[in-house]
Every structure is written in structure tokens, then in C-alpha cells.
Amino acid sequence: MRIEKIVLREMNMTMKAPFTTSFGSVQEKRFLIVEVYDELGNCGYGEGEAFEAPWYTEETTATCWHIIESFLAPILLNRDIEHPREVTQFFKPIRRNMMAKSAVECAVWDAYAKRLGEPLWKVLGGTREKIAVGVSIGLQPTTSQLYDKIDAALEDGYGRIKVKIKPGNDVQLIRAIRERYPDMPLMADANSAYTLDDMDTLRQLDAFHLMMIEQPLGADDILNHAKLQKELTTPICLDESIHSYEDVVTAIELRGCGVINVKQARVGGLEEVRRIHDLCLHHGIKVWCGGMLESGIGRAHAVALTSLEGFTMPGDTAGSDHYWYEDLIDPIVDVEGGYVHMKDAPGIGYKVNRERLDKYTERKLEL
Ligand SMILES: O=C(O)CCC(=O)c1ccccc1C(=O)O
Ligand SMILES: [Mg+2]
């Protein structure tokens, strides 16, 4: 396969409601869509999932554009590729910038699968015909508004609820949720808001049989997660701390977690997720697929990944309509009774609606 053209788009779409974490809120999403064309005219799509500000990782929409335009696209253009797994190797001379790399790598996978006439999930080695998904609910102004969101998610059939916590909005909040929903599969995500000085608070969370506590401590702090995990019975799940296969090796050796939330965007693409998935399976570490408030394009890649056998826990890939009034794909990612059913169409399996793609494009560059 020969990559003959790459199109870069900066998108701007507004979510139905603001999404609030311990860092702040997002409602307007500025992200990138990458189109990769092979010599036969197959077009693959990938999503640059970084946020406009560097609160979740150091990348932003603007740094992704710069890295793709100046470094990644020139590496791929007019290059012959046997298999998309090579892309990760081609990108090795460029340090980090995982979200920029992922956008392009995902697009190459989609083009490759379309060229084979096969659905991406099968090309990746996925086996599940349907995948279980949960929802992640941001911090709400009041507990009663949070209850309303939980009730709506349960009514929509989601079988696992993740809520955000932060210092001052944690033990009381989780206790209240547990009293109202004693048996609901529940987990809490702190997005790095605590330190080991908060040990007493974090220990109290052990009383609520949470499925896991996601990323309580700093993004660069696997060592202290290991210290914390020794003190807790609830498994720790790492999110922001994991940027690569090597980070997972470190986390496993240090016993820094029981669970990994993996996102293709955070680790540089689908091939790296596959390697992490295999490693976790080998070591008995649970792994599931997280989300980045993506449009349907990034969502479709996450759905394809989640069909790998090791993704035994529900992911964060809620249906498109949970976040968006309209999505870039037809049909939308649809959740029925807590499950997304795999599509048999080639590539990501969802058709990109070109009219809507153009409607939300604010800047476009052909390379
Ligand atoms: O539903 C999603 O797409 C994921 C929601 C979520 O929790 C999240 C959203 C944006 C950035 C980080 C996170 C996270 O997993 O910590
Ligand atoms: Mg998280």
C-alpha cells in the first residue's frame, strides 16, 4: 500500500453538555480528523483526540496539527507500507506526541482494512461480536443533578457507571451514590487530583466496593500509585500514567495498579494498544478501553479495539447520542441494552458523512 495523500482537518463541534473533571470543563471540542489516501483511492480516517488545552496530556489540538503537518505526514507520504503495524516503527524518531501519531496510525489501519474489504475489528484480531460499554459522568453542580444523569444512563441500558471525584467532592459523594444505588457497578475517576497526603480520604473509599479507583495520583507517578495500592483493597486503574507498552511494564513490575484504562490516542495508536492488551492478558491485569469525548470516528476505532478478547470490562465508549446532537458517521455508534454491536462493513464499519464532515471543518490542509 502506498500513501499518496493526507488531508488534515481542524474540527469544531459542541457537545450537548459540558463535561467536568477535577481539571475543569470542556463543551466545545476542537479536534482533528486525518484522511489518508492510498494509491487505489481507499480513504482511511483517524481522529486527533487531544483537547484544545493541555490539561489531560501535554498535547493540544494545535501541537497535533504541527506534528502531523511537519513531521508525521512527510514520513508517510509516498511510502510503501506492507502493514499498518509498521507505522509505529516509522514514527519512532519522533518523540512522544502520542495523540498526533495515533490520529495518523488509526487512519492507515482504516485504509488498510478497506483495501482488504474487511472490518477493522476483524483485521485487528477482535473476536467479540458485541461489546459492553459504560458511561463516564462528569462532576455535576449538585448531587441531585448527578442522580438525574445516573438515572438517565441506567434507563438507556448502561451497565457500569463511572463518576468523577476531586478533593472535597469524594467520600460524601460516593457514600451518597452507594446509598441510593447499592449494587450498581460503580467506579470513581480522580484525573490525578490527589497526593499521598490524601491517604486517609483514599482509604475511606475502600468501603464502597468500587470496581476501581481511576488515576488518583499524578500522571508521572507510577511509584506512588504502587505505594497507595498496597494500602487499598480497591484496585487502582491507571489512565494518565500510561503512554506506552513500557509504562505498562513499569506499572506491572511495581504493582502500581490492578487495571489499565487504555486509549489509542494516549498510547500512539492501535498497534500499541494491541501490544498492551496482550501484555495485560499475560499478567492477569484487567484492561478496558477509555474515551476522549471523541466524535464517531475515534469512537469507531475504540469500538473495533474493544472486540479484542482481553477487553472483559465495559469501556467508556458510550453511544454517539450521549455526547452529540449529530455525529460525523452514519449510522451513529448505537448502544442497545449496554452493548454496541460490531459492523460488518469494511474499515471502521461506519460511513463518514462527508457533508457533516465539511460542515464542522474550520481549517483544512492537503498534503
Ligand atoms: O466518555 C468518554 O469519552 C471518556 C470520559 C472521560 O472520563 C474522560 C474524558 C476526557 C478526558 C479524560 C477522561 C478520562 O477517562 O479520564
Ligand atoms: Mg480517566
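FYI, it's all coordinate maths here, none of it is from the lab. Everything numeric in this text was worked out from a predicted model, so none of it was measured. Here the Cβ positions follow ideal geometry from the backbone for every residue, glycine too, while neighbour counts run over all protein chains shown.
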Check: Relative to the first principal axis of the alpha-carbon coordinates of the chain, what is the inclination of helix 296-306, with its axis defined by its Cα atoms, in degrees from 0 to 90 and to the nearest 10?
Finding: 70 degrees
Checklist line | For Val333, distant residues with modelled amide H under 5 Å away | finding: Ser320
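Suppose we keep just the DSSP beta bridges with both residues in the stretch 221-367; what percent of those would be antiparallel, to 5?
So the antiparallel bridges amount to about 35 percent of the total.
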Item checked: Pairwise label distance in nanometres, Arg2 with Glu366, each label 7 Å out on the Cα-Cβ vector -> 1.8 nm
Notebook entry, point to check: Given a Förster distance of 30 angstrom, what is the FRET efficiency for Glu336 paired with Glu118, based on the Cβ-Cβ distance and rounded to 0.05?
Noted result: 0.80
Item checked: Least to most buried among Arg30, Arg354, Arg96 (fewest other Cβ within 10 Å first) -> Arg354, Arg96, Arg30
Check: Between Ala207 and Asp151, what is the FRET efficiency for a Förster distance of 25 Å, r being their Cβ-Cβ separation, to the nearest 0.05?
Finding: 0.60
Item checked: DSSP beta bridges in the chain [antiparallel fraction, %, rounded to 5] -> 65 percent
Notebook entry, point to check: How big, in percent, is the set of alpha carbon pairs in the chain lying more than 41 Å apart?
Noted result: 8 percent
Notebook entry, point to check: Based on DSSP, what percent of beta bridges with both residues in the stretch 18-146 are antiparallel, to the nearest 5?
Noted result: 100 percent
Item checked: Length gained when the stretch Thr195-Arg255 is fully extended (0.36 nm per residue, less Cα-Cα span) -> 19.8 nm
Next item on the list: Counting other beta carbons within 10 Å of each Cβ, put Trp288, Trp55 in order, fewest first.
Entry: Trp55, Trp288
Margin query: In whole Hz and in residue order, list the ³J(HN,Hα) couplings for the stretch 36-45 that follow from phi through the Karplus curve 6.51 cos²θ - 1.76 cosθ + 1.60, θ = phi - 60°; x for Gly and Pro.
Written below: 10, 10, 8, 6, 9, x, 5, 10, x, 10
Checklist line | Cα-projected label distance for Glu355 with Glu82, points at 7 Å along beta-carbon direction, nm | finding: 4.4 nm
Item checked: Rotationally averaged projected area of the stretch 1-146 (alpha carbon convex hull; nm²) -> 10.4 nm²
Margin query: Can you give me the angle between helix 222-231 and the longest principal axis of the chain, using Cα atoms only, in degrees from 0 to 90, rounded to the nearest 10?
Written below: 30 degrees
Check: Which of Glu28, Glu47 comes first, and how do the rest follow, when ranked by fewest Cβ neighbours within 10 Å?
Finding: Glu28, Glu47
Notebook entry, point to check: Can you list the residues, at least 5 places off or on another chain, whose amide H is less than 5 Å from the amide H of Ile137, using H built in the peptide plane?
Noted result: Lys162, Val163, Lys164
Next item on the list: Please sort 77-87, 132-142 by packing, taking for each peptide the average over its residues of neighbouring beta carbons within 10 angstrom, highest first.
Entry: 132-142, 77-87
Item checked: Of Gly291, Gly337, Gly258, the one that fluctuates the most in a GNM where the chain has Cα springs shorter than 10 Å -> Gly337
Next item on the list: Could you calculate the FRET efficiency of Leu223 with Phe71 from 1/(1 + (r/R0)^6), where r is the beta carbon distance between them and R0 is 41 Å, rounded to 0.05?
Entry: 0.80
Item checked: Computed [θ] at 222 nm, deg cm²/dmol, the chain (DSSP H ≥ 4; -39,500 (n - 2.57); rounded to nearest 500) -> -9500 deg cm²/dmol
Check: Can you work out ³J(HN,Hα) from phi for every residue in the stretch 207-216, in order, using Karplus 6.51 cos²θ - 1.76 cosθ + 1.60 and θ = phi - 60°, giving whole Hz and x for Gly and Pro?
Finding: 6, 10, 5, 6, 4, 5, 10, 8, 6, x
